[in-house]
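Contents: one structure, followed by commentary.
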Amino acid sequence: MQPHIYEKQLKIPHYLGDRYRRITLPHLMNVLIEVSGEQTEEIGALSVREHGLSWVIIQYDLEIHRIPKTDEMIKVKTFAREYNRIFSYREFEVYDENDQLIVYVMTVFALINTNRKLSKISPEIVEGYGSTENRRIKRMPKPEVPKNIETAQHRKIQVGYFDIDTNFHANNSTYFIWMLEALSDDFLATHEPIHGNIVFEKEVHIGEEVDSYTELATNEEGQLISRHQIQVNDTVKCTGTFTWKES
């Protein structure tokens, strides 16, 4: 079965960019998720909320060839290729005006019920996406975490009202901000991510105090990486690894 592919062309507004006119990763992820929501509306997929269920993102794996800039026209393609009883796998492809692939994202989704417990994904729920059932669960690589929290760069953040989305916990894009802003301004101004692997472990709620830890290292290929861990008290909420190049 071939997945249903949804496409959208859009111009990146200036307010989604950083000081160098690059769309920020949090904004890019929000754009992609918005496009996937439009596909759901177009195909008339079953409303999971009517059944007391919600889709949640478990993991992102990003390959970034080039970060789009503000005022640039891009084309976003998205499709949900496979699913099993626990996870659904949605892919995103971002193309520039020359039809060159500049960003690829694999996203792992799961369904949770009103008790925040995982719920089985039935064929009826994914009907219309053209997804193929594959009972074998994909083994996605796990992010590297800081080796030594005591010596890692650290930032403490108070979770505020505008960090919370309609699921009443911190929006997934907010974790990107918390992770990346633990790096220095000079580093972010002079480097661009070329790969990212983020796993969301547990929800973060309003009023909680987040500790964001990061450390820089070199991977086996000699590339510069940053390892990240988000936690509240001693509970790990999110982990991530980014690979970087100089701007």
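Here are a few things to note about the model shown:
- Qualifying residue in region 139-146 (condition: free of Cβ contacts under 8 Å to residues at least 24 places away in the same chain and not basic (Lys, Arg)): no
- Each residue in region 196-233 was checked for being of a type in the set (A, V, I, L, M, F, W, C) and either touching a His at 6+ places or on another chain (Cβ under 6 Å) or not in a strand (DSSP E or B) (or both), and 2 of them qualify.
- Residues satisfying the stated conditions in region 164-175, i.e. buried (at least 17 other Cβ atoms within 10 Å of the Cβ) and either without any contact (Cβ under 8 Å) to a residue 24 or more places away in the chain or assigned to a loop (DSSP other than H, G, I, E, B) (or both): 169, 171
- The criterion of being over 21 Å from residue 238 (Cβ atoms) and under 20 Å from the mean Cα position of the chain (by Cα) holds for residue 83.
- Going through (1) surrounded by 14 or more Cβ atoms within 10 Å (Cβ to Cβ); (2) part of a loop (DSSP other than H, G, I, E, B); (3) of a type in the set (A, V, I, L, M, F, W, C) one by one, residue 35 falls short only on (2).
- Candidate set: region 176-186, residues that are touching a strand residue (DSSP E or B) at 6+ places or on another chain (Cβ under 8 Å) and farther than 30 Å from residue 114 by Cα; chosen: the one surrounded by the fewest Cβ atoms within 10 Å (Cβ to Cβ): 184
- Among the conditions (1) modelled with pLDDT of 95 or more; (2) more than 23 Å from residue 239 (Cα to Cα), the only one that residue 51 does not satisfy is (1).
- Residues in region 174-188 that are under 23 Å from residue 203 (Cα atoms) and either at pLDDT below 95 or among the acidic types (Asp, Glu) (or both): 181 alone.
The values are calculated or read from the model by the stated rules, or taken from the named source; none is laboratory data. What you see is a predicted model; the values in this text were computed from it and never measured. For neighbour counting, all protein chains shown are included, and Cβ atoms are generated from backbone atoms with ideal geometry for every residue, glycine included.
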